[in-house]
Structures are given as C-alpha cells and as structure tokens.
C-alpha cells in the first residue's frame, strides 16, 4: 500500500498539471504557420480573397482570442524584409512585421561569416537594390554586373550600363572576384549569364582571363532560390530563378565540359527551414515573452516542388492550396502534401481545428 504522503504528492502534481494546462498551454499554442506569399496570399499585385481572414484568425480573431505565431516564408525577394512586410500589409490590409518575413536571400546573411571582406559579385534585382541588400546584410565588398559592364563596356555590347554603384570605378583587371551570389531574379538574362560565366571561367577570379584547366571549379556560386516557375497575375506561371540556373548550368557544361557546382538557399533547401525556425522562435518570444519553436509547423504553399517538398523534408506539416502554381483537383503526384485545400483560409481552419481537437483530448486525459 502507498502512504498518504505519496497520494498527497500525486494530488499536488495533478493540480499543477491542470493549472499548467489552463493557464499556460491554453494560451501558448504549440503550433505555428509558415505562409508562402505568391499564390497563397497574393496573386501578382492583388490579394487573394481569403488571405486577410486567414491572417486575422492567427492574430487573435478566433474563439480562444489566441495569437498564433506565423512567418511569411517566400522564395521572392529583391527588396528588404521591411519593404516586403509593408507591401503585403497594404495589400491584404493586415499588419505584418518585418521580423515575420523571410525572403529567399534572408538566410544568405549567414555567408557574411565567410565573405564579409571578400569581393563578391551580387547578381539580380532591379537597379542597385540587391547590392544595397548585400551591404545591409554585412558584405563589405560588393560588385554588380552593371559595375563590371561600366568598367569595360565591351563586356556586353548589346546595351549600356546603368544603375552602377561606387564599385564601378575600380580597375578589375587586377581585382579578383571571390564568390558569385545571385540574390534575386535577373532583369537582364543575357548580360548576367555572360558576367557569371566570365567569373566562373576566369583565372583566379580576374574578369577577362580564362582558366586553362576546368577539371575543378574554383569559383563558389550561391543561388537564393531554385524556383523554375512562379505564380503572378498572368494566366500561366512565369520562369523564375531556377530557370536562369538551368540556363547557366547548360552554358557552363557546353563551354567547359563540366557540371556546375553551386549551393542554393530558399525553399526546398534545408538551410532556409532551420533559419525559419529561428525566426519563428523570435516571433514566439515577441508574443509570449520566451523563445520557442512549436512542435508543429504548418507550411501553406502553392508550389509542390518548393513549398511542399521542402516542408515534407524538414518534418513540417504541408498544406497545398489551389490558388497559385497548383490548380488541379487532386494532390501533387511528385510531391504530395499532407492536405490539399481550396485556399489559405481553408488551410488555416483545418490546422487550427486539428490542434484544438488535440488540446481538447489532452484536457480530458488530465481531468480523469
């Protein structure tokens, strides 16, 4: 037989668990959301009808008045996280914090540990925006294709350089490029393909020189995402950075006989998901005063090859919507999601209902 003190201890523990359940667990959800943007919340420059209600549900407009952590995890970019937050906020009429936005190039900040003072070629985006982004992330020595075009106009004789930076006034006949980083989609495929190939095929990174031995690749290359296509307000998907990467790889193979080795960020690559969990943890701290990565993260996306493939590989729950790249009645055959929903609001409701059922069952067990 057990002693009275043992039963008192069990009773006290039981009361503490019930208190924890009602005062802590009920208020702090053990789940979070990661939304793609294009094709999930927006269609080009227009909001998807259900986007506002979906985000409001997570901002406390629900029966429990509970705030649920969420981030926007997109393979888009070409602007600051603050600018993207402001853009989405205005379009869906719900405030999004810059701290909740993860762009395709956001995790590339981690490369500053290796390349902070080294000269890096930053490719993509409108004008000088990606050069400014790289400098804002902590890269101290940034040069763009426009700068190299200004240095030697015959580099690309089919157009004139514009939107140059202060780096355009250096002499690159003696200054080596040490890494190539594509931050965003190219706005001049021909010139950017040429400049990247110039760097990849150069001797010791000097633009205008040519290696003699292509058996090994000495120039590291980084891409912010590999999206072959993406959704806009045009009726069919558009080519993305992944298509540019395919073109570069094909040209490199034709010129050198070798296969291009590169490293990619963005979805579906694991580094982006680990980075996203850090951001989710910080957002949880903003809401509840302590950093925490919830047990369940629901990734809602429209692109099976990026959103769903990446979520599945990282152990997140994947919810595929039919408002973007994927429009078919069924699931993706190649990268099937856990659940397929008509739109983002249906997806959020499905996940919340699932979580509330789990919590309700837990309450019943505790009350017994």
What do you reckon, is residue 87 farther than 22 Å from residue 268 by Cβ, at pLDDT below 95 and in the same structural domain as residue 310 (by TED's automatic domain parsing)? no
Set 133, 148, 121, 111: member being assigned to a helix (DSSP H, G or I) and touching a residue at least 60 places away in the same chain (Cβ under 8 Å): 111
Of the residues in region 267-295, those that are touching a helix residue (DSSP H, G or I) at 6+ places or on another chain (Cβ under 6 Å), farther than 19 Å from residue 59 by Cβ and not in a helix (DSSP H, G or I) come to 267, 268, 291, 293
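So for region 36-46 (the condition being under 25 Å from residue 187 (Cα atoms) and either without any contact (Cβ under 8 Å) to a residue 60 or more places away in the chain or not assigned by TED's automatic domain parsing to the domain that holds residue 292 (or both)), does at least one residue qualify? Please lay out each step first, then the result.
Step one: filter region 36-46 for residues under 25 Å from residue 187 (Cα atoms), giving 36-46.
Now restrict to residues that are either without any contact (Cβ under 8 Å) to a residue 60 or more places away in the chain or not assigned by TED's automatic domain parsing to the domain that holds residue 292 (or both): 37, 42.
Yes, the conditions are met somewhere in region 36-46.
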Scan region 245-263 and tell me whether some residue there is within 24 Å of the chain's Cα centre (by Cα), part of a loop (DSSP other than H, G, I, E, B), surrounded by 20 or more Cβ atoms within 10 Å (Cβ to Cβ) and at negative phi. no
Go through region 296-322 and give me each residue that's in a loop (DSSP other than H, G, I, E, B) and either buried (at least 24 other Cβ atoms within 10 Å of the Cβ) or outside the structural domain of residue 56 (by TED's automatic domain parsing) (or both). 302, 303
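Being out of contact with any helix residue (DSSP H, G or I) (no Cβ under 6 Å at 6 or more places or on another chain), under 16 Å from residue 134 (Cβ atoms) and touching a residue at least 40 places away in the same chain (Cβ under 8 Å) narrows it down to one of 221, 180, so name that one. Working first, answer last.
On the way: 180 fails: out of contact with any helix residue (DSSP H, G or I) (no Cβ under 6 Å at 6 or more places or on another chain).
Going through 221, 180 in turn, just one is out of contact with any helix residue (DSSP H, G or I) (no Cβ under 6 Å at 6 or more places or on another chain), under 16 Å from residue 134 (Cβ atoms) and touching a residue at least 40 places away in the same chain (Cβ under 8 Å): 221.
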Determine whether region 106-120 contains at least one residue that is closer than 27 Å to residue 46 by Cβ and either modelled with pLDDT of 95 or more or in the same structural domain as residue 220 (by TED's automatic domain parsing) (or both). yes
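The values are calculated or read from the model by the stated rules, or taken from the named source; none is laboratory data. Please read all numbers here as calculations on a predicted model, not as lab measurements. Here Cβ is always computed from backbone atoms with ideal geometry, including for glycine, and neighbour counts include all displayed protein chains.
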